[in-house]
Amino acid sequence: MYKYEDYFDDEMNIVPYYSRDEQLLETFAFLDMLLESYLEKKGLSTDDKLFSRGLVITESEIRSYYQEAPVVRDVDDFNPVLSDSFQKGIAHIHARAKATKKVELPLSIVEKKFDLTLYELLGVILALAVRIDRKYERIFGFLQDDVQENRPTAGLLEALYNRCMESDLSRSEELLDPEGKMVTYFFKLPGGKTKERRDGLSTPLILNRTMVEFLIGITKTKDHASLYREIKEEKETPVFFEEELAQIKFIEKSRGTLPFHYIESTDPGAVTHLLYKALSPKEVLYIFDADNLRDYTQEEQNQAENDLLLLCKLRKGRIGVRITKEEAVTSRSFHFLFDKLKKKASDATVYLFGMEKIPESITREAVPVMKLEDPDVKIRTEMFSFFLKRQKLEKTLVLEDVADCYDITYSTIKTAAEHAIGTTEARRETVLTRERLLDSLLQLNSVRFDGLATLVKAVYRWDDITMTDSQRRILKVACDRYRLRNRIGDNWGLKKKNAYGNGVSILLYGPPGTGKTMAAQVIANELGLPLYRIDLSQIYSKYIGETEKNLSAIFNEASKANVILFFDEADALFSKRTDITQANDKFANSETAYLLQKIEEYRGISILATNFFNNFDSAFVRRITYAAHLESPNEEERYTLWTHILPEDVPIDKDIDFRFLANKFELSGSNIKAILYSASYMAGAEGATLGARHIVKAMKYEFDKLGKMIDTSDFGAYAGHVFS
């Protein structure tokens, strides 16, 4: 049989390993040396074998064993010669590893980081061998008298070690302690539904996959991908939270005995960005998703948690635990995770995050708290600029305005930018437009009003609406106030003096058809915000407290997004408070007061439209930010409406006297639009150009709808078309 000198060359002791694989090859040569000696002891090289290895051990073989004197029986006695070879082989591998400077040697890293004893190291080598080379399956099955047991057991480790190192103690119990380091970081204990769990010397040593991958040079694992994952960012991504980053670094230097720290934030993605930026050059960040624990068995949870702790030890990792659901924090699985991290994550701080406020169950553990505020308008602008840097932008797309109008998080900005760029590229467009970015924001900025409000597609712009200069000026001032509310409000200190928040409320009042709904859409287009019309029929309820509940639901949902709330026919909501003459009057007044309070607190835009300004409570009107009186159009304005409402593509008879129509009929803008659109469809159905007869017929239908009498003499030269 071959000896130490056949396996190792002592002159190589000072020669460094040129690769990880060379060290592994020498390690398996070392293992072969031990196994060969053990096989020789078993009688492999002689004709007088103690056992004919196989699936069956016969009675005669057992009898022959006990016929031998005790001193020559098959016992795992200490062998001084083998012990010398064992220690010299270990020393040879250590010497070459010490001489290696430029090559990472995973086995040496593991031995050092986990302070492995020779017994533990031998166990790791045995378990790794069977994962690398299938020849060891046959050897281990032979040595263990069971060819079906092709993995090394604790008994085989004990037998090999006791021949190499003189000892009266069994170390298998400590090796297989479920709370010990070897089970936590190295060995996966068998168990579960498919196989009965074994204990003691018959327990197979199964090296967990994460450790195997590290030892053979694979640094990524896909196991438990929905429980934990490694986080990476582009190196050029700037730090968007400088002050909070300084806090994180201070926490790392001054943390106490408890490894936890909670980060309060509305945006888990921002926390992940912050933790990543706090890493030192050789550190890695792992995020464990506690919300998904319930999707795994207890055994799978334990394995994933152990793998995560192992990766952090091997790769100098930092752990973030993401919890976004209250029920996840109170679950038994999270309790076990918390306790395990408390005991074993002693090398680094564990950052808990995911909810805006620290959960009560974590507060009871005396976990310190840090607040990560949402980015202000300056930082939001920087985020938009960075994430859109590779895309050419339309000149009308002013990122500062978008950042000021949208109070959104780091994650939303990043995702919206990526979505907008992707859509632009997919459409083969070279320039990212304002509309494209706003569409992406709308999709990510979704709200659920559960039937209490509906999205209105804003199609009108300033050029589409006819109003006086003073009316237009008021609405533009209101838009500018909202667009600059953060930049001016912060820089000039105006927000500090505003007791009712930073929102804007606008009252639009005037006769029917004067363009109040159109004006609301113009405001929405100007600011690039989605417009939601409140369904008044769904808000008010005869049941006490139900109206306030509905209003609260609307404003709570709106506060999570960036939307304009449009209360059409708002006099039904904000009518004058009445004297209390019956029980319901008191509750009606309280509902009005509650709604006023909610509008004042809302940080977005509230638009109210009414046909009856005099019905409004004066106390309410005083607290509206802006009020614009939209009057019926005069003759010149009506002429503009007649000639500009229809798109340029509509074929119109040049002989139509729109000046006559504007002078003769005092119609509102909505009436004129209804007439023109109805006339256009009539002409289109005939395949004809839009002419006077189509317009006159459409006017008749509109008058009938409004209940107005028709005097044919008013139509002058067009009277013949009224009843044609």
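Give A679, A628, A683 a once-over and let me know the one that is closer than 30 Å to Y594 by Cβ and open to solvent by less than 20 Å² (accessible area, probe 1.4 Å). Spell out the reasoning first.
Values: A679 fails: closer than 30 Å to Y594 by Cβ; A683 fails: closer than 30 Å to Y594 by Cβ.
The conditions single out A628.
Filter region 633-654 down to residues that are assigned to a loop (DSSP other than H, G, I, E, B) and either touching a helix residue (DSSP H, G or I) at 6+ places or on another chain (Cβ under 7 Å) or not basic (K, R) (or both), then give me how many there are. Please lay out each step first, then the result.
Filtering region 633-654 for residues assigned to a loop (DSSP other than H, G, I, E, B) gives 633-634, 645-651, 653-654.
Next, from what is left, pick out any that are either touching a helix residue (DSSP H, G or I) at 6+ places or on another chain (Cβ under 7 Å) or not basic (K, R) (or both): 633-634, 645-651, 653.
Of the residues in region 633-654, 10 are assigned to a loop (DSSP other than H, G, I, E, B) and either touching a helix residue (DSSP H, G or I) at 6+ places or on another chain (Cβ under 7 Å) or not basic (K, R) (or both).
So, in region 345-366, exactly how many residues are open to solvent by less than 70 Å² (accessible area, probe 1.4 Å), modelled with pLDDT of 90 or more and part of a loop (DSSP other than H, G, I, E, B)?
Total satisfying the criteria: 4.
So which residues in region 235-257 are open to solvent by 100 Å² or more (accessible area, probe 1.4 Å) and either among the charged types (D, E, K, R) or in a loop (DSSP other than H, G, I, E, B) (or both), if there are any at all? Talk me through it step by step, then tell me what you get.
Quick first cut of region 235-257, residues open to solvent by 100 Å² or more (accessible area, probe 1.4 Å) only: 235-236, 242-243, 249-250, 253, 257.
Hits for region 235-257 are K235, E236, E242, E243, K249, K253, T257.
Table: residues versus (1) hydrophobic (A, V, I, L, M, F, W, C); (2) more than 22 Å from E526 (Cα to Cα); (3) at pLDDT 95 or above; (4) in contact with a Ser or Thr (Cβ under 8 Å, 6 or more places away or on another chain).
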| position | (1), (2), (3), (4) |
| --- | --- |
| Q391 | no, yes, no, yes |
| K395 | no, no, no, no |
| C405 | yes, no, no, no |
| Y410 | no, yes, yes, no |
| E425 | no, yes, no, no |
| R428 | no, yes, no, no |
| E435 | no, no, no, no |
| D439 | no, no, no, yes |
| Q443 | no, no, no, no |
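Test S446 against the criterion of being hydroxyl-bearing (S, T, Y), under 30 Å from D535 (Cβ atoms) and assigned to a loop (DSSP other than H, G, I, E, B), and give yes or no. So that I can check it myself, show each step before the final result.
Values: hydroxyl-bearing (S, T, Y): yes; under 30 Å from D535 (Cβ atoms): yes; assigned to a loop (DSSP other than H, G, I, E, B): yes.
When the stated conditions are applied, S446 passes them.
Among the numbered criteria (1) under 19 Å from V183 (Cβ atoms); (2) open to solvent by less than 20 Å² (accessible area, probe 1.4 Å), which one does R151 miss?
(2)
Would you be able to tell me the number of residues in region 367-410 that are assigned to a helix (DSSP H, G or I), touching a helix residue (DSSP H, G or I) at 6+ places or on another chain (Cβ under 7 Å), of a type outside the set (A, V, I, L, M, F, W, C) and under 28 Å from Y602 (Cβ atoms)? Give the steps one after another, and end with the answer.
Quick first cut of region 367-410, residues assigned to a helix (DSSP H, G or I) only: 377-387, 399-405, 410.
Okay, now just the ones that are also touching a helix residue (DSSP H, G or I) at 6+ places or on another chain (Cβ under 7 Å), so 377, 380-381, 383-385, 387, 399-405, 410.
Keeping just the survivors that are of a type outside the set (A, V, I, L, M, F, W, C) gives 380-381, 385, 400-401, 404, 410.
After this cut, where a residue has to be under 28 Å from Y602 (Cβ atoms) as well, the list is 380-381, 400-401, 404, 410.
Residues meeting the conditions: 6.
I need the full set of residues from region 1-24 which are aromatic (F, W, Y), modelled with pLDDT of 90 or more and surrounded by 14 or more Cβ atoms within 10 Å (Cβ to Cβ), in order please.
Scanning region 1-24 gives a single hit, Y17.
Could you pull out the residue among A328, A304 that is part of a helix (DSSP H, G or I), in contact with a His (Cβ under 9 Å, 6 or more places away or on another chain) and open to solvent by less than 30 Å² (accessible area, probe 1.4 Å)? Walk me through how you get there before you give the answer.
Working: A328 fails: in contact with a His (Cβ under 9 Å, 6 or more places away or on another chain).
None of the others qualify; the one that does is A304.
Exactly one condition in (1) open to solvent by 50 Å² or more (accessible area, probe 1.4 Å); (2) within 18 Å of H261 (Cα to Cα); (3) in contact with a helix residue (DSSP H, G or I) (Cβ under 7 Å, 6 or more places away or on another chain) is false for R294; which is it?
Against the list (1) open to solvent by 50 Å² or more (accessible area, probe 1.4 Å); (2) within 18 Å of H261 (Cα to Cα); (3) in contact with a helix residue (DSSP H, G or I) (Cβ under 7 Å, 6 or more places away or on another chain), R294 comes up short only on (2).
Could you say which residue among A692, A688 is free of Cβ contacts under 8 Å to residues at least 12 places away in the same chain and over 20 Å from L508 (Cα atoms)?
Details: A692 fails: free of Cβ contacts under 8 Å to residues at least 12 places away in the same chain.
The match here is A688.
Is there any pair linking a residue in region 79-107 that is under 15 Å from Y4 (Cβ atoms) and at pLDDT below 90 to one that is among the acidic types (D, E) and not in a helix (DSSP H, G or I), with Cβ under 8 Å and at least six apart or on different chains, and which?
Matching pairs, first to second residue: S83/E166.
Residues D84, D145: which one is open to solvent by 20 Å² or more (accessible area, probe 1.4 Å), more than 48 Å from the chain's Cα centre (by Cα) and on the phi > 0 side of the Ramachandran plot? Let's see the steps before the verdict.
On the way: D84 fails: on the phi > 0 side of the Ramachandran plot.
After ruling out the rest, the residue left standing is D145.
One residue is enough: does region 144-157 have a residue meeting the conditions in a helix (DSSP H, G or I) and in contact with a Lys or Arg (Cβ under 8 Å, 6 or more places away or on another chain)? Before the answer, list the steps.
Initial filter on region 144-157 (in a helix (DSSP H, G or I)): 154-157.
Narrowing further to those that are in contact with a Lys or Arg (Cβ under 8 Å, 6 or more places away or on another chain): none.
Checking region 144-157: not a single residue is in a helix (DSSP H, G or I) and in contact with a Lys or Arg (Cβ under 8 Å, 6 or more places away or on another chain).
Identify, from the list L661, L667, the residue that is crowded, with 20+ Cβ neighbours inside 10 Å, hydrophobic (A, V, I, L, M, F, W, C) and assigned to a loop (DSSP other than H, G, I, E, B). So that I can check it myself, show each step before the final result.
Values: L661 fails: assigned to a loop (DSSP other than H, G, I, E, B).
Sole residue among the options that is crowded, with 20+ Cβ neighbours inside 10 Å, hydrophobic (A, V, I, L, M, F, W, C) and assigned to a loop (DSSP other than H, G, I, E, B): L667.
Report every pair of residues separated by at least 6 positions or lying on different chains whose Cβ atoms are under 7 Å apart, first residue within region 464-476 and touching a residue at least 40 places away in the same chain (Cβ under 8 Å), second buried (at least 18 other Cβ atoms within 10 Å of the Cβ) and not in a helix (DSSP H, G or I).
I465/G515; T466/P633; M467/G515; M467/L630; Q471/A628; Q471/L630; I474/A628; L475/A628
Give L258, L275, L310 a once-over and let me know the one that is farther than 23 Å from M211 by Cβ, aliphatic (A, V, I, L, M) and more than 17 Å from the chain's Cα centre (by Cα). Can you show your working first?
Details: L275 fails: more than 17 Å from the chain's Cα centre (by Cα); L310 fails: farther than 23 Å from M211 by Cβ.
Exactly one of L258, L275, L310 is farther than 23 Å from M211 by Cβ, aliphatic (A, V, I, L, M) and more than 17 Å from the chain's Cα centre (by Cα), namely L258.
Taking the condition open to solvent by 40 Å² or more (accessible area, probe 1.4 Å), closer than 22 Å to E264 by Cα, assigned to a loop (DSSP other than H, G, I, E, B) and not polar (S, T, N, Q), does E429 pass? Talk me through it step by step, then tell me what you get.
Details: open to solvent by 40 Å² or more (accessible area, probe 1.4 Å): yes; closer than 22 Å to E264 by Cα: no; assigned to a loop (DSSP other than H, G, I, E, B): yes; not polar (S, T, N, Q): yes.
It is false that E429 is open to solvent by 40 Å² or more (accessible area, probe 1.4 Å), closer than 22 Å to E264 by Cα, assigned to a loop (DSSP other than H, G, I, E, B) and not polar (S, T, N, Q).
Can you pull out every residue in region 106-119 that is part of a helix (DSSP H, G or I) and open to solvent by 20 Å² or more (accessible area, probe 1.4 Å)?
Within region 106-119, S108, I109, E111, K112, K113, L118 qualify.
For region 644-661, give me each residue that is β-branched (V, I, T) and at pLDDT 90 or above.
Going through region 644-661, the residues β-branched (V, I, T) turn out to be 645, 650, 652, 656.
Passing the criteria: V650, I652, I656.
Being closer than 20 Å to R603 by Cβ and open to solvent by 20 Å² or more (accessible area, probe 1.4 Å): is that true of T423 here? Step through it out loud before you land on a result.
Working: closer than 20 Å to R603 by Cβ: no; open to solvent by 20 Å² or more (accessible area, probe 1.4 Å): yes.
Answer is no for this residue.
Return yes when L641 is crowded, with 18+ Cβ neighbours inside 10 Å and either of a type in the set (A, V, I, L, M, F, W, C) or at pLDDT below 90 (or both) and no when it is not.
Working: crowded, with 18+ Cβ neighbours inside 10 Å: yes; either of a type in the set (A, V, I, L, M, F, W, C) or at pLDDT below 90 (or both): yes.
Here the answer is yes, as L641 does meet what is asked.
Would region 486-501 turn up any residue that is at pLDDT below 90 and touching a Phe, Trp or Tyr at 6+ places or on another chain (Cβ under 9 Å)? Steps first, please.
First, pick out the residues of region 486-501 that are at pLDDT below 90: 486-501.
So of that shortlist, the ones also touching a Phe, Trp or Tyr at 6+ places or on another chain (Cβ under 9 Å) come out as 501.
Yes, region 486-501 contains a residue that is at pLDDT below 90 and touching a Phe, Trp or Tyr at 6+ places or on another chain (Cβ under 9 Å).
Pairs needed: first member in region 595-615, without any contact (Cβ under 8 Å) to a residue 24 or more places away in the chain and of a type in the set (D, E); second member anywhere, surrounded by fewer than 14 Cβ atoms within 10 Å (Cβ to Cβ) and assigned to a strand (DSSP E or B); C-beta distance under 9 Å; at least 6 residues apart or different chains.
Filtered contacts from region 595-615: no entries.
For (1) open to solvent by less than 40 Å² (accessible area, probe 1.4 Å); (2) out of contact with any Cys (no Cβ under 6 Å at 6 or more places or on another chain); (3) at pLDDT 80 or above, each residue gets a yes or a no:
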{"position": "A159", "(1), (2), (3)": "yes, yes, yes"}
{"position": "R197", "(1), (2), (3)": "no, yes, no"}
{"position": "N208", "(1), (2), (3)": "yes, yes, yes"}
{"position": "H224", "(1), (2), (3)": "yes, yes, no"}
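The values are calculated or read from the model by the stated rules, or taken from the named source; none is laboratory data. This is a predicted model, so every value here is computed, not measured. Glycine also receives a Cβ, built like all others from the backbone with ideal geometry; neighbour counts cover every protein chain displayed. What goes into the accessible areas is simple: the full protein's heavy atoms, side chains included, and nothing from ligands, DNA or RNA. Shrake-Rupley method; radii C 1.70, N 1.55, O 1.52, S 1.80 Å.
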